[in-house]
Amino acid sequence: MKLTQNIEMEMLCEEIRNLRNEIQAIREIIQKESNKRQFMPETDLVFSKDGDIDSRVSSMLLRYQIPVHIKGFKYLKEAVKMEIAEGALAVGITKVVYPSIAKQFDDTSSRVERAIRHAIECAWYKSKHEYFFSNMMGKPSNGYFIALIAEQIRFGKIEYSA
């Protein structure tokens, strides 16, 4: 009994050390980012090419660890591009976004919604310990996640590297 408790305590201590190291690494990343922003002039985020916004959205989705091989990746990419270009979420995600993506990919609105939800679940379960999900109490909704990505791209909050 005593040996089991000692092993459990050692494992718990090791887990705490790992978390402390992760927090320190995140702090260092945030510090580096804030230092970069102090010396970099603000860039104009008007996208001149469709490829530019395409690569930025893809890069951001990859940062959230959304697998490229699932349908939700390409559907999310289109939804974020729609939100950036025309603010489609304000009109309605179920009335505008899902049907237009479904029409573009020859699918149904419900399948588009489910594929996007699945992609967000993948990101949530893979990376909820990381800094961009750490402040959320629960898994984000489709609309919230799309808006979050679009705002981060619009305002250049995260570096775009795959």
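Quick rundown of the values:
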| quantity | calculated |
| --- | --- |
| Gain in span if fully extended, Tyr125 to Arg111, counting 0.36 nm per residue against the direct Cα distance | 3.0 nm |
| Cross-link pairs beyond the 22 Å C-alpha cut-off, checked among Lys103/Lys126; Lys103/Lys139; Lys32/Lys74; Lys95/Lys126; Lys71/Lys126; Lys32/Lys139 | Lys103/Lys126; Lys103/Lys139; Lys32/Lys74; Lys95/Lys126; Lys32/Lys139 |
| Cα→Cβ-extended label distance, 7 Å offset, between Glu8 and Lys139, nm | 3.0 nm |
| Förster radius 30 Å - calculated FRET efficiency between Gln31 and Ser55 (Cβ-Cβ, nearest 0.05) | 0.65 |
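A short reminder: the numbers here are calculations on the coordinates, not readings from a lab. None of the values given here were measured: they were computed from a predicted structure. Cβ coordinates were reconstructed from backbone atoms using ideal geometry, including for glycine residues, and neighbour counts include every protein chain displayed.
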